[in-house]
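Chemist: Attaching a single structure in structure tokens format; questions to follow.
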Amino acid sequence: KAGVTQTPRYLIKTRGQQVTLSCSPISGHRSVSWYQQTPGQGLQFLFEYFSETQRNKGNFPGRFSGRQFSNSRSEMNVSTLELGDSALYLCASSRVDSYEQYFGPGTRLTVT
Amino acid sequence: AQSVTQLGSHVSVSEGALVLLRCNYSSSVPPYLFWYVQYPNQGLQLLLKYTTGATLVKGINGFEAEFKKSETSFHLTKPSAHMSDAAEYFCAVSLTSSGYSTLTFGKGTMLLVSP
């Protein structure tokens, strides 16, 4: 079974721009979560989607948003990029009846 | 709210030595506990998990962890370190009452293995 895939793997953007990251979960997994990883703050929860609905949201500004499609694929969007948004963005998927999350390789975003 | 504390941002061991990575959690309800490993430029890989039942859980690559409720701990051990174990390790907790999969991570411990 294929793992969680994330595209693109690397991205360089300029301050003020916006960016969209994509995540395809493991087949059959309907829950998708997003995390931001930085050296200073570590791993922080962004949001979680299930059946196209955001069920939970972390403590991030409204510039961070996401959505989930009917095939469980998910995207996250960051508008008006700031230098501090440079991070590794990780997507994880899980089955409906499990707390076990499987992570993708991440998207490395660099904001200049 | 739950939280996770990993003691030691870096742990150094010699190849063949015991590996002990410490994790303490704070939770008002019975938690689900996880250890993940991250190799450079990669995502997180699940090593092992505790949900219910046996408090000593075995994972991949020879790692195991013991859930001790009285000490609110979930320390990760491996009897004999290999060079390939060098990576960053994260302890995480998920609240059982939340109904969904939201993980709270510790700050991580970098394991360094010397020959």
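Chemist: State all residues of the stretch B:52-73 that are touching a residue at least 24 places away in the same chain (Cβ under 8 Å), open to solvent by less than 60 Å² (accessible area, probe 1.4 Å) and of a type outside the set (Gly, Ala, Ser); if no residue qualifies, say none.
Modeler: Once the filter is applied, which keeps residues that are touching a residue at least 24 places away in the same chain (Cβ under 8 Å), open to solvent by less than 60 Å² (accessible area, probe 1.4 Å) and of a type outside the set (Gly, Ala, Ser), the stretch B:52-73 yields B:Phe63, B:Phe67, B:Thr72.
Chemist: Quick check on the stretch A:75-107: of everything there that is touching a Lys or Arg at 6+ places or on another chain (Cβ under 7 Å) and under 23 Å from B:Asn41 (Cβ atoms), which residue is nearest to the other protein chains (Cβ to nearest Cβ)?
Modeler: Restricting to residues being touching a Lys or Arg at 6+ places or on another chain (Cβ under 7 Å) and under 23 Å from B:Asn41 (Cβ atoms), the top hit is A:Pro105.
Chemist: Another question, then. Considering only the stretch A:7-46, state which residues are touching a Lys or Arg at 6+ places or on another chain (Cβ under 8 Å) and in a loop (DSSP other than H, G, I, E, B).
Modeler: Selection gives A:Arg9, A:Pro25, A:Ile26, A:Ser27, A:Gly28, A:His29, A:Arg30.
Chemist: Would you say A:Leu90 is closer than 19 Å to B:Gly108 by Cβ and either assigned to a strand (DSSP E or B) or touching a Ser or Thr at 6+ places or on another chain (Cβ under 7 Å) (or both)?
Modeler: yes
Chemist: Could you tell me whether any residue of the stretch A:87-98 is at pLDDT below 95, surrounded by 13 or more Cβ atoms within 10 Å (Cβ to Cβ) and over 14 Å from A:Cys23 (Cα atoms)?
Modeler: Among the residues of the stretch A:87-98, at least one is at pLDDT below 95, surrounded by 13 or more Cβ atoms within 10 Å (Cβ to Cβ) and over 14 Å from A:Cys23 (Cα atoms), which makes the answer yes.
Chemist: Kindly provide the set of residues from the stretch B:26-42 that are open to solvent by less than 60 Å² (accessible area, probe 1.4 Å) and away from chain A (no Cβ under 14 Å), ordered by number.
Modeler: Selection gives B:Ser26 alone.
The values are calculated or read from the model by the stated rules, or taken from the named source; none is laboratory data. As the structure is a computational prediction, the values presented were derived from the model and not from experiment. Heads up, the Cβs are rebuilt from the backbone with ideal geometry, glycines too, and the neighbour counts pull from every protein chain shown. Each accessible area value is taken on the protein alone, full model and side chains, heavy atoms only, with ligands, DNA and RNA left out. Shrake-Rupley method; radii C 1.70, N 1.55, O 1.52, S 1.80 Å.
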